[in-house]
Amino acid sequence: MEAWRRALNDPVSAFPIEKAGPAHVATLKTYDPPLSSLDGRRLAGAERRAKRLLFPTEDGELVLLIHLMSAGRLRYLRAGEAGPKTPAFRLRFEGGGQLVLTEGGPKKRAGVWLLTPDAVEAELAHLGPEALGLGADRLGEILRGDSRRLHSLLRDQRALTGIGRAWANEILHHARLSPFALSTQLSGEEVEQLAAAIDEELARGLELRERGASDKKAYRIHNRLGEPCPRCGEPIAWVDFEEHSIYYCPACQTEGRLLKDRRLSRLLR
Ligand SMILES: [Zn+2]
């Protein structure tokens, strides 16, 4: 998401908006103020909170918020560049550029909100701090504040934002920590390992994304069941947990133990 923000920041603020919309009925989540109130205003640039992109107007009165969910794509088309016939949402700028949101598949999950700055604050109030650049001290406070399995805590956007299930797998492998380790039981050294792994892995992901690399190339652990661990060569293992797939290296992360699907072991007990 950070790569998208950087790419959009300059083009969206270069010209005033000529016409906002149309938007697919399932994509536009707000109706007051109407989209047309953006017409003639200029955007100040692109900002990001977790997976949401924010486009505040230069006059400070309105904020366009876009959440792409899993299948949404946002593109800036230069004047004359061909675009999709029926995008889920479109902003046309003076000068001919366009910002278009498309979404593959029949289900419309991506959303567009037009809000006042106060309403944005309320909307985002439940989000935790950004994971990237958090640091060991702040991370330690978050971990001690809630006794949870690490994998579950890392992807909880109320605790900290910016880590999805795939990057939780990459980060925990990098930090050599068990996905099932309890957040309150990490040593000071382990908290530092985890803080460093968060920064290094998210920075790696960002760099790969900016170079246009696919997810498949970016992930070293995620979705690689049975493939050799890039650190020790042992096969990557998999466990289903809270409806999320956890990939990990037993040799590097769990002292060789295989993690069990806890719902299943409860049934068997
Ligand atoms: Zn390993």
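Could you tell me whether L208 is within 21 Å of S147 (Cα to Cα), away from the ligand (no atom under 16 Å from the Cβ) and either buried (at least 16 other Cβ atoms within 10 Å of the Cβ) or within 24 Å of the chain's Cα centre (by Cα) (or both)? Walk me through it before giving the result.
Details: within 21 Å of S147 (Cα to Cα): no; away from the ligand (no atom under 16 Å from the Cβ): yes; either buried (at least 16 other Cβ atoms within 10 Å of the Cβ) or within 24 Å of the chain's Cα centre (by Cα) (or both): yes.
Judged against the criteria, L208 is not a match.
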- Task: Could you figure out which of (1) outside any helix (DSSP H, G or I); (2) in contact (Cβ under 8 Å) with a residue 12 or more places away in the chain isn't true of C252?
- Result: (1)
- For K217, work out the one condition from (1) within 16 Å of the ligand (Cβ to nearest atom); (2) open to solvent by 20 Å² or more (accessible area, probe 1.4 Å) it doesn't fulfil. (1)
- Take the residues in the range 221-234 that are within 13 Å of I246 (Cα to Cα) and open to solvent by 70 Å² or more (accessible area, probe 1.4 Å), then tell me which one is nearest to the ligand (Cβ to nearest atom). L225
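Name the residue that is farthest from W167 (Cα to Cα), counting only residues in the range 239-255 that are within 14 Å of the ligand (Cβ to nearest atom) and out of contact with any helix residue (DSSP H, G or I) (no Cβ under 8 Å at 6 or more places or on another chain).
Among those residues, the one meeting the criterion is E255.
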- How many residues does the range 143-168 contain that are aliphatic (A, V, I, L, M), under 16 Å from Q193 (Cβ atoms) and either outside any loop (DSSP other than H, G, I, E, B) or open to solvent by 10 Å² or more (accessible area, probe 1.4 Å) (or both)? 5
- Test L172 against the stated conditions and say whether it is in contact (Cβ under 8 Å) with a residue 60 or more places away in the chain, within 19 Å of the chain's Cα centre (by Cα), buried (at least 18 other Cβ atoms within 10 Å of the Cβ) and not in a loop (DSSP other than H, G, I, E, B). yes
- Selection within the range 92-112 - polar (S, T, N, Q) and touching a residue at least 24 places away in the same chain (Cβ under 8 Å): T102
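The values are calculated or read from the model by the stated rules, or taken from the named source; none is laboratory data. Treat the numbers as computed from the prediction; the structure is a model and nothing was measured. Don't worry about glycine lacking a Cβ; one is built from the backbone with ideal geometry, like all the others, and counts go over all protein chains shown. Surface accessibility is based on the protein's heavy atoms, side chains included, excluding ligands, DNA and RNA. Shrake-Rupley method; radii C 1.70, N 1.55, O 1.52, S 1.80 Å.
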